[in-house]
Amino acid sequence: MTSTEPHECPLHGTTVDHDRLVGRRVRQIVAAWHCHDSEEAVGPLEIWLVDDVGDYIHITTGSDWCLIVDDAAPHAGYDHGESGRVEVVASEHGTPFARYVGEAILAVDQRFDARTGRVGLEIYFSTGSVQCGSWRGNLSLAG
(Lines give C-alpha, C1' and ligand atoms only; values in the text may rest on other atoms or scores of the structure.)
Protein backbone atom coordinates (compact mmCIF):
# COMPACT_ATOMS: atom_id res chain seq x y z
CA MET A 1 0.00 0.00 0.00
CA THR A 2 1.36 3.41 -0.92
CA SER A 3 0.84 6.70 0.87
CA THR A 4 2.14 10.25 0.72
CA GLU A 5 3.42 10.06 4.31
CA PRO A 6 7.24 9.78 4.43
CA HIS A 7 8.70 6.41 5.35
CA GLU A 8 12.47 5.96 5.62
CA CYS A 9 13.98 3.27 3.42
CA PRO A 10 15.39 0.54 5.71
CA LEU A 11 18.46 0.08 3.47
CA HIS A 12 19.19 3.61 2.25
CA GLY A 13 17.81 5.79 5.04
CA THR A 14 16.46 9.20 4.24
CA THR A 15 17.62 10.82 1.05
CA VAL A 16 17.40 14.37 -0.29
CA ASP A 17 14.49 16.35 1.12
CA HIS A 18 12.20 16.91 -1.84
CA ASP A 19 11.60 20.53 -0.79
CA ARG A 20 15.28 21.23 -1.67
CA LEU A 21 14.47 20.42 -5.32
CA VAL A 22 11.89 23.19 -5.69
CA GLY A 23 13.23 26.26 -7.47
CA ARG A 24 16.20 24.51 -9.06
CA ARG A 25 16.46 25.13 -12.82
CA VAL A 26 17.36 22.06 -14.91
CA ARG A 27 20.32 22.86 -17.16
CA GLN A 28 21.30 19.38 -18.38
CA ILE A 29 20.24 15.74 -18.20
CA VAL A 30 22.78 12.92 -17.71
CA ALA A 31 21.68 9.28 -17.80
CA ALA A 32 23.17 5.81 -17.34
CA TRP A 33 22.05 3.44 -20.10
CA HIS A 34 22.54 -0.33 -20.25
CA CYS A 35 23.84 -1.20 -23.72
CA HIS A 36 24.21 -4.70 -25.10
CA ASP A 37 25.49 -5.41 -28.62
CA SER A 38 23.12 -3.76 -31.08
CA GLU A 39 20.08 -3.71 -28.78
CA GLU A 40 18.72 -0.28 -27.92
CA ALA A 41 18.39 0.62 -24.26
CA VAL A 42 14.79 0.49 -23.04
CA GLY A 43 15.19 3.24 -20.47
CA PRO A 44 17.82 4.79 -18.25
CA LEU A 45 19.09 2.92 -15.18
CA GLU A 46 19.71 6.19 -13.37
CA ILE A 47 19.32 9.84 -14.20
CA TRP A 48 20.92 13.07 -13.05
CA LEU A 49 19.35 16.48 -13.41
CA VAL A 50 22.10 19.09 -13.43
CA ASP A 51 20.86 22.44 -12.14
CA ASP A 52 21.92 25.96 -13.06
CA VAL A 53 24.59 26.09 -10.33
CA GLY A 54 26.11 22.71 -11.23
CA ASP A 55 24.51 20.67 -8.44
CA TYR A 56 22.99 17.25 -9.12
CA ILE A 57 19.64 15.61 -8.51
CA HIS A 58 20.29 11.87 -8.87
CA ILE A 59 17.31 9.53 -9.31
CA THR A 60 17.71 5.75 -9.32
CA THR A 61 16.32 2.60 -7.70
CA GLY A 62 17.63 0.62 -4.77
CA SER A 63 18.11 -3.12 -4.42
CA ASP A 64 14.96 -3.18 -2.27
CA TRP A 65 12.97 -1.48 -5.10
CA CYS A 66 12.80 1.90 -3.37
CA LEU A 67 13.29 5.10 -5.36
CA ILE A 68 16.50 6.87 -4.34
CA VAL A 69 16.82 10.63 -4.76
CA ASP A 70 20.18 12.04 -3.70
CA ASP A 71 22.79 14.59 -4.73
CA ALA A 72 25.45 12.15 -6.00
CA ALA A 73 27.45 13.21 -9.06
CA PRO A 74 27.40 11.05 -12.21
CA HIS A 75 29.84 8.14 -12.16
CA ALA A 76 31.85 6.72 -15.04
CA GLY A 77 30.38 4.04 -17.25
CA TYR A 78 31.46 0.45 -16.71
CA ASP A 79 31.72 -2.89 -18.50
CA HIS A 80 29.49 -5.88 -17.70
CA GLY A 81 31.45 -8.30 -19.87
CA GLU A 82 29.11 -10.53 -21.87
CA SER A 83 26.09 -8.73 -20.39
CA GLY A 84 27.02 -5.46 -22.09
CA ARG A 85 28.07 -2.16 -20.61
CA VAL A 86 26.64 0.87 -18.85
CA GLU A 87 27.25 4.18 -20.58
CA VAL A 88 26.84 7.43 -18.65
CA VAL A 89 26.23 10.29 -21.09
CA ALA A 90 24.50 13.62 -21.49
CA SER A 91 21.01 12.68 -22.61
CA GLU A 92 19.08 15.64 -23.90
CA HIS A 93 16.87 13.21 -25.83
CA GLY A 94 15.40 9.88 -24.78
CA THR A 95 14.02 10.82 -21.37
CA PRO A 96 10.81 12.65 -20.41
CA PHE A 97 12.96 15.31 -18.71
CA ALA A 98 14.38 16.51 -22.06
CA ARG A 99 11.47 18.86 -22.76
CA TYR A 100 12.00 20.62 -19.41
CA VAL A 101 15.66 21.64 -19.83
CA GLY A 102 15.82 25.32 -18.92
CA GLU A 103 12.75 25.18 -16.65
CA ALA A 104 12.64 25.45 -12.87
CA ILE A 105 11.12 22.75 -10.67
CA LEU A 106 7.89 24.19 -9.25
CA ALA A 107 6.76 21.36 -6.96
CA VAL A 108 7.46 17.75 -6.02
CA ASP A 109 5.03 15.06 -4.82
CA GLN A 110 6.16 11.71 -3.38
CA ARG A 111 4.63 8.28 -2.74
CA PHE A 112 5.89 5.92 -0.06
CA ASP A 113 5.62 2.25 0.84
CA ALA A 114 5.88 1.42 4.54
CA ARG A 115 8.32 -1.43 3.83
CA THR A 116 10.67 0.13 1.31
CA GLY A 117 10.42 3.91 1.62
CA ARG A 118 9.94 6.19 -1.37
CA VAL A 119 8.48 4.43 -4.43
CA GLY A 120 7.30 7.37 -6.51
CA LEU A 121 8.13 10.98 -7.23
CA GLU A 122 6.44 13.47 -9.51
CA ILE A 123 8.41 16.57 -10.47
CA TYR A 124 6.35 19.53 -11.73
CA PHE A 125 7.50 22.20 -14.18
CA SER A 126 5.54 25.15 -15.61
CA THR A 127 4.69 23.19 -18.77
CA GLY A 128 4.12 19.68 -17.35
CA SER A 129 5.54 17.01 -15.08
CA VAL A 130 7.60 13.82 -14.99
CA GLN A 131 6.63 10.81 -12.91
CA CYS A 132 9.54 8.76 -11.55
CA GLY A 133 8.97 5.37 -10.03
CA SER A 134 10.46 2.05 -9.12
CA TRP A 135 8.82 -0.82 -10.98
CA ARG A 136 10.17 -4.24 -10.02
CA GLY A 137 13.50 -2.65 -9.23
CA ASN A 138 13.78 -0.71 -12.50
CA LEU A 139 13.61 3.05 -12.88
CA SER A 140 10.39 4.07 -14.60
CA LEU A 141 9.99 7.58 -16.08
CA ALA A 142 6.82 8.95 -17.68
CA GLY A 143 5.78 12.43 -18.62
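The values are calculated or read from the model by the stated rules, or taken from the named source; none is laboratory data. Just so we're clear, the structure is a prediction, and the values are computed from it rather than from any experiment. Cβ atoms come from the backbone with ideal geometry, glycine included; neighbour counts cover every protein chain shown. Just so you know, the surface numbers come from the protein's heavy atoms only, side chains and all, with ligands and any DNA or RNA stripped out. Shrake-Rupley method; radii C 1.70, N 1.55, O 1.52, S 1.80 Å.
A few points about this structure:
- Residue satisfying all of: in the stretch 40-62; free of Cβ contacts under 8 Å to residues at least 40 places away in the same chain and not in a loop (DSSP other than H, G, I, E, B); surrounded by the most Cβ atoms within 10 Å (Cβ to Cβ) among these: TRP48
- Of all residues in the stretch 10-55, those that are of a type in the set (Asp, Glu) and at pLDDT 80 or above total 4.
- Among the candidates VAL108, VAL86, the residue that is in a strand (DSSP E or B) and over 28 Å from HIS36 (Cα atoms) is uniquely VAL108.
- Of all residues making up the stretch 72-99, the number that are open to solvent by 70 Å² or more (accessible area, probe 1.4 Å), modelled with pLDDT under 90 and either under 20 Å from LEU141 (Cβ atoms) or in contact with a Ser or Thr (Cβ under 7 Å, 6 or more places away or on another chain) (or both): 1
- Test: residue in the stretch 63-77 that is closer than 21 Å to GLU39 by Cβ and assigned to a strand (DSSP E or B): no
- Selection within the stretch 18-38 - touching a residue at least 40 places away in the same chain (Cβ under 8 Å) and open to solvent by 30 Å² or more (accessible area, probe 1.4 Å): HIS18, ASP19, VAL22, GLY23, ARG24, ARG25, ARG27, GLN28, TRP33, HIS34, HIS36, ASP37
- The set of residues from the stretch 111-142 being open to solvent by less than 40 Å² (accessible area, probe 1.4 Å) and either assigned to a loop (DSSP other than H, G, I, E, B) or without any contact (Cβ under 8 Å) to a residue 24 or more places away in the chain (or both) comprises THR116, GLU122, SER129, GLY137.
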